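Structure first, commentary second.
The values are calculated or read from the model by the stated rules, or taken from the named source; none is laboratory data. Fair warning: this is a prediction, and the values are worked out from it, not measured in the lab. We place every Cβ from the backbone using ideal geometry, glycine too, and count neighbours over all the protein chains shown. Heavy atoms of the whole protein, side chains included, go into the accessibility calculation; ligands, DNA and RNA do not. Shrake-Rupley method; radii C 1.70, N 1.55, O 1.52, S 1.80 Å.
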Amino acid sequence: MPRPVITPMAGFTVGITAARRRTELGTALAAQGARVRYGPALTLITPMADEELRAATAACLAGPVDLVVLTTGAGVRAWLDAAVFWGFGDALIATLQATTVVTRGPRTAAAARAAGLPIAHEAEASVQLLEYLLDSSELAGRRVAVQLHGELLRELASTLRAQGAEVIEVPVYRWVPPEDPEPLRLLIEEVATESIDALAFTSAPAAVSFLRTSDSLGLLADVTAALNRTVLCACVGPVTAVPLQNAGIPVVLPARTRLDALAAEIIEQLPRRAPRLRAAGHDLEVRGHAVVLDDELVMLPAGSMALLRELVRRPGQVLSRGALAPLLPGEGSEGHAVEVAIGRLRLALGDPALVQTVVKRGYRLGVDPGTVASRARVVR
């Protein structure tokens with residue numbers, strides 16, 4: 001009988017910080033065998049239900065606006081749709097058509113043109129946008145509306161205020177802390193203890209919130225260490241990655257800024273990072289909560305998995321019971337707990353020769369001569 005096909009993500013656990021479209025990403029990963037943990041870092045307020053956006057729109061309509069800064073195509077469309085819903089649609093279009101409009105990025109410019117708005121200047125990024133505004137405009141006393149998108153644009157708004165402008169912040173797609181913070185707390189703890197294999201981010205605000213919440217829990221140092229050591233940090237695009245990179249965390253990015261590309265990148269990266277070696281005549285690949293032994297997926301209890309990871313991290317070295325005991329959860333006699341966990345590990349693997357006992361010294365992995373673990377740096 002042929003052995004069952006092992007899916008690429010079987011034995012791996014992925015944490016997802018997204019609120020919007022989290023199910024879409026999680027379903028794609030689970031379809032390839034992943035165990036998925038959800039911990040939304042933020043909750044999205046839809047534009048039509050956002051009272052702050054409505055108030056900002058009313059402020060734009062209350063008097064002449066000298067300059068409008070548009071920063072995302074989706075935000076432009078959402079703002080105009082919300083204005084139509086509130087009964088302000090025609091009035092907002094008329095106000096924007098009568099002012100100077102500057103945009104950031106080609107998608108924003110395309111959305112503005114589709115709405116019939118004249119564009120005075122198109123910038124590629126926030127830095128170029130700010131340079132243009134500071135170089136070409138006398139800002140003192142002018143009313144400027146800025147469509148916000150993330151922390152960088154709040155800084156842009158602050159800079160314009162410092163130049164004397166009256167700034168109306170237009171918070172399209174505003175993020176607030178999650179209504180239930182418990183899933184995020186649990187996800188942060190799993191990252192800190194390296195109990196998951198990858199962490200996915202789909203927005204820069206979520207990355208900022210994740211890091212701030214980790215800090216408030218006193219776990220930022222552990223989280224940062226885990227993301228530098230064993231937990232793969234994957235971002236949907238370069239803008240999302242900025243807060244993490246600024247915190248010294250390495251990230252991987254898909255070639256395209258798309259959710260399906262992010263899923264594909266994680267599915268490609270995790271199996272490549274799994275340590276592989278030959279031990280007692282067997283091919284052994286160590287995944288997050290399982291091993292692939294001679295093309296067969298073997299699920300292991302947490303204690304046995306922790307011991308195996310340490311034995312693989314030091315292939316062929318003898319590890320004492322005292323060195324292995326702290327890796328086990330729970331309480332009890334150190335020596336006895338290690339013996340029980342080793343026994344369970346041997347039973348699950350099916351070949352006692354894989355984990356050898358060295359009398360009065362401890363245990364070692366029965367690696368074949370000349371064998372070293374590949375990609376051993378990612379073993380927890």
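Numbers for the structure displayed
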{"read-out": "Restricting the range 298-313 to residues that are over 27 Å from the mean Cα position of the chain (by Cα) and modelled with pLDDT of 90 or more, the residue that is surrounded by the fewest Cβ atoms within 10 Å (Cβ to Cβ)", "value": "VAL298"}
{"read-out": "Pick from the range 139-180, criterion more than 21 Å from THR95 (Cβ to Cβ) and acidic (Asp, Glu), ranking: modelled with the lowest pLDDT", "value": "GLU151"}
{"read-out": "Those residues of the range 152-188 which are of a type in the set (A, V, I, L, M), open to solvent by 70 Å² or more (accessible area, probe 1.4 Å) and touching a strand residue (DSSP E or B) at 6+ places or on another chain (Cβ under 9 Å), in sequence order", "value": "LEU186"}
{"read-out": "Test result for VAL68, surrounded by 18 or more Cβ atoms within 10 Å (Cβ to Cβ), outside any helix (DSSP H, G or I), of a type outside the set (Ser, Thr, Tyr) and touching a Cys at 6+ places or on another chain (Cβ under 9 Å)", "value": "yes"}
{"read-out": "Residues of the range 189-216 satisfying the condition of being without any contact (Cβ under 8 Å) to a residue 40 or more places away in the chain and open to solvent by 30 Å² or more (accessible area, probe 1.4 Å)", "value": "GLU189, THR193, ARG212, ASP215, SER216"}
{"read-out": "The listed residue being open to solvent by less than 50 Å² (accessible area, probe 1.4 Å), among the hydroxyl-bearing types (Ser, Thr, Tyr) and modelled with pLDDT under 90, out of SER374, SER333", "value": "SER374"}
{"read-out": "Considering residues of the range 245-267 that are of a type outside the set (Gly, Ala, Ser) and in a helix (DSSP H, G or I) only, the residue most open to solvent (accessible area, probe 1.4 Å)", "value": "ASN246"}
{"read-out": "Leading residue by the ranking (farthest from VAL170 (Cα to Cα)) among those in the range 100-151 that are crowded, with 19+ Cβ neighbours inside 10 Å and touching a Pro at 6+ places or on another chain (Cβ under 7 Å)", "value": "VAL101"}
{"read-out": "Residue match in the range 83-90 (condition: in contact (Cβ under 8 Å) with a residue 40 or more places away in the chain, open to solvent by 20 Å² or more (accessible area, probe 1.4 Å) and either outside any helix (DSSP H, G or I) or not aromatic (Phe, Trp, Tyr) (or both))", "value": "no"}
{"read-out": "Residue list for the range 36-51, restricted to those being closer than 24 Å to LEU211 by Cβ and not aromatic (Phe, Trp, Tyr)", "value": "VAL36, ARG37, GLY39, PRO40, ALA41, LEU42, THR43, LEU44, ILE45"}
{"read-out": "Qualifying residue in the range 278-292 (condition: touching a residue at least 24 places away in the same chain (Cβ under 8 Å), open to solvent by 30 Å² or more (accessible area, probe 1.4 Å), in contact with a helix residue (DSSP H, G or I) (Cβ under 6 Å, 6 or more places away or on another chain) and farther than 15 Å from ALA198 by Cα)", "value": "yes"}
{"read-out": "Selection status of GLY15, at positive phi and crowded, with 22+ Cβ neighbours inside 10 Å", "value": "no"}
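So that you can scan it fast, the table gives a plain yes or no per residue for (1) at negative phi; (2) over 35 Å from the mean Cα position of the chain (by Cα); (3) surrounded by fewer than 17 Cβ atoms within 10 Å (Cβ to Cβ):
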position	(1), (2), (3)
GLU296	yes, no, yes
ARG344	yes, no, yes
LEU347	yes, yes, yes
GLY350	no, yes, yes
THR357	yes, yes, yes
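Here is a yes/no grid of residues against (1) among the small types (Gly, Ala, Ser); (2) modelled with pLDDT of 95 or more; (3) buried (at least 20 other Cβ atoms within 10 Å of the Cβ); (4) closer than 23 Å to GLU296 by Cβ:
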| site | (1), (2), (3), (4) |
| --- | --- |
| ARG3 | no, no, no, yes |
| ILE6 | no, no, no, yes |
| ARG22 | no, no, no, no |
| LEU29 | no, yes, yes, yes |
| ARG35 | no, yes, no, yes |
| LEU42 | no, no, yes, no |
| ILE45 | no, no, no, no |
| ASP50 | no, no, yes, no |
| ALA58 | yes, yes, no, no |
